[in-house]
Amino acid sequence: MKQPWQVQWHIGADGTVIKQRSKGEEAHEQLYGRYDVNRRLELSDLYALDERLRRHDVSFLWLSRAMLLVSGLVAVALVAGLILAFWPIAAPGVSATLLIVSVPMIVILVVSTGLISSTMVRRRKRIGRDAGFESDYSTIAASEARAIIDAPGTVSGRKVSVEKV
């Protein structure tokens, strides 16, 4: 069984925001990332951000599953149309109709999948910007992160178990 990641937010005395991810207590099981922020954040802001991103990711997951289901149905219709097109006893109108409907649907699905993916990425970045983040996560050395985390005035949040959505 996979062990869930433990995630913990830290806000340095200078306002530096660090997100610590860990699979265990050993140094090699730790991953630290720093975010550039445009205002002083509180732990409650970071927890609210996590919740908004979780809801966003769940909705994206459901949308992706729906697109996958529709893609599968269109693929089945296309294959059925191709089989019927070469089957001598099939009604020519049925196979032609399946092909005529399936091919444009595949094009529409490919284009819409790209549009949906780019839209969801932009929304995720906007959620971060709205929360005060200027940059995406950038990995930093454990020694640098520990120096910030262990410095006086640093506020550390609670450890939260996180499963991938």
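Assorted remarks:
- Just one of (1) loosely packed, with under 14 Cβ neighbours inside 10 Å; (2) within 30 Å of I116 (Cβ to Cβ) fails for E26. It is (2).
- None of L68, L84 is at pLDDT below 80, part of a helix (DSSP H, G or I) and either exposed (fewer than 11 other Cβ atoms within 10 Å of the Cβ) or not assigned by TED's automatic domain parsing to the domain that holds I149 (or both) except L84.
Residues checked against (1) within 24 Å of D14 (Cα to Cα); (2) outside any helix (DSSP H, G or I); (3) of a type in the set (A, V, I, L, M, F, W, C):
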site: V107; (1), (2), (3): no, no, yes
site: V110; (1), (2), (3): no, no, yes
site: G114; (1), (2), (3): no, no, no
site: R122; (1), (2), (3): no, no, no
site: T139; (1), (2), (3): yes, yes, no
site: S143; (1), (2), (3): yes, no, no
site: R146; (1), (2), (3): yes, no, no
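Yes/no per residue for (1) surrounded by 12 or more Cβ atoms within 10 Å (Cβ to Cβ); (2) over 21 Å from the mean Cα position of the chain (by Cα):
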residue: S117; (1), (2): yes, no
residue: M120; (1), (2): yes, no
residue: G153; (1), (2): no, yes
residue: S156; (1), (2): yes, yes
residue: S161; (1), (2): no, no
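The values are calculated or read from the model by the stated rules, or taken from the named source; none is laboratory data. Given the structure is predicted, the values throughout are model-derived calculations rather than measurements. Don't worry about glycine lacking a Cβ; one is built from the backbone with ideal geometry, like all the others, and counts go over all protein chains shown.
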